[in-house]
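Participant: The following block contains the structure, expressed as structure tokens.
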Amino acid sequence: MTARNPNRISSPKAHDQAVYNSRIADMSDLPLRCARLVSPLLILLFAVTQLWAADWHSAEEQLSGKIAAVTGPGTIALEVVNRSSLAGAEAERIRRELGSMLANLGIHVVNAEQAAATVKVSLSEDLQNYVWVAEIHQSANESSVVLVSTPRPEAAATASSATMSIHKTLLWSQPGRILDVAVISGTPQHMIVLDADSVALYKFQDNRWQQEQSLPVAHMHPWPRDLRGRLILRQDHLFDAYLPGVFCRSTTSATVALNCYESDDPWPLSTGQAGLNAFFASTRNFFTGALAPGIGRKTTAPAFYSAAPLPRDKYTLWLFAAIDGQVHMLDGITDQIAGKLGWGSDLASVHSNCGSGWQVLAAAPGDGPKDTVRVFELPDREPIAVSEPAEFNGSLTALWMESDGSGVIAIAQNRDMGKYEAYRLSIACDQ
């Protein structure tokens with residue numbers, strides 16, 4: 001569902017009812033006309049460049065002054081890490097200018113072995129400003145942190161038309177609530193379906209999914225009403241299953257068995273390079289906000305329903321759909337609130353061949369009881385819709401990123417038939 005209720009109480013049997021040309025006449029004066037056209041553009045470009053240089057100059061001057069106030073004259077090792085949307089060349093220019101200004105203040109940048117102090121500058125940003133943070137370490141003394149901010153330009157990019165589309169593929173439908181689905185590529189294909197009572201294994205044969213095994217999920221305590229669960233494909237065994245207060249691991253034998261036991265271990269939000277785990281509240285329907293191992297220096301987030309990673313060149317930006325209805329963005333240094341975007345409680349990300357390469361799929365309430373999912377890009381941390389909404393005939397109950405990041409599993413309850421349906425969502429680039 002797109003707006004979960006964090007205050008739902010537990011009920012042992014309630015999980016089944018939960019809802020979620022013509023020729024140019026005269027070419028002789030073409031060079032002159034081109035020159036007349038290009039000259040104003042060059043002047044404008046030069047003016048814009050000078051304006052931004054002045055803006056950076058002010059921020060660089062402030063930050064170098066604050067660093068000097070802490071270290072005093074001497075030698076430092078300087079590192080600049082770009083965690084913002086600035087281009088790499090621009091970040092390098094800022095690093096050079098900082099070094100030059102520090103030299104004017106009697107502080108010289110040298111190798112780490114020769115330095116009396118180390119300074120790490122992180123170029124970050126929030127929705128309104130660029131934020132530059134300098135961490136200063138001097139011998140055995142405690143570290144100091146100074147920062148400056150400068151306004152960002154107004155975002156020029158707006159979505160005038162859809163540039164991507166969502167492909168929906170129906171995988172499975174059943175009367176009982178589906179928690180997650182995983183598809184294993186191969187010949188033939190296999191599929192794993194997690195629900196409240198079992199993990200079912202299917203093989204695609206004769207143009208349909210045929211069940212091979214059904215493995216019961218053992219648990220001692222009643223499930224919370226708005227039951228959630230997660231499947232993760234593994235390399236050394238087939239899969240892991242996460243449910244509230246319960247962890248299940250498949251065996252490696254040819255005939256798959258399932259070992260389930262009580263556990264409060266964190267659930268994987270994603271795997272691979274952007275891997276992150278979070279602790280799930282076993283008697284509720286959301287994550288507590290405790291992260292493992294964390295995002296940079298951030299080891300906690302607000303309590304949330306779902307999260308989506310957006311890998312960048314040198315860091316990963318994480319979006320969290322918090323239980324208070326806001327979307328938080330964590331980059332390892334800052335926690336920014338995106339405000340009210342009209343999104344629901346389910347987010348997931350996809351690694352595609354479109355746009356920036358990574359997009360966010362966000363659920364939202366649709367027309368009447370129909371929920372929708374839409375694709376968003378975040379070029380400057382301001383979400384831009386780049387697809388038309390994909391509509392579901394009912395309420396969404398889950399969006400989970402697939403283990404390899406290439407697609408998203410969407411679970412919905414069909415309002416006409418009452419059944420739960422599992423779809424695979426992928427992104428196509430519109431030509």
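Since every read-out is calculated from the coordinates, none of them should be taken as a lab result. Bear in mind the structure is a predicted one, so any value in this text is a computation, not a measurement. A quick note on method: Cβ atoms are made from the backbone with ideal geometry, for glycine too, and the neighbour counts reach across all protein chains shown.
Participant: Arranged by the count of other C-beta atoms within 10 angstrom, fewest first, what order do SER143, SER306 take? Walk me through the numbers before you get to the answer.
Facilitator: Values: SER143 12, SER306 24.
Result, fewest neighbours first: SER143, SER306.
Participant: Tell me the label-point distance for the pair ILE184, VAL110, using the 7 Å Cα-to-Cβ offset, in nm and rounded to one decimal.
Facilitator: If labels sit at ILE184 and VAL110, their model points lie 6.0 nm apart.
Participant: Return the distance in nm (one decimal) between the two label points of a simple spin-label model at ASN414 and GLN174, each offset 7 Å from Cα along Cα→Cβ.
Facilitator: With each label placed 7 Å out from Cα toward Cβ, I get 1.5 nm.
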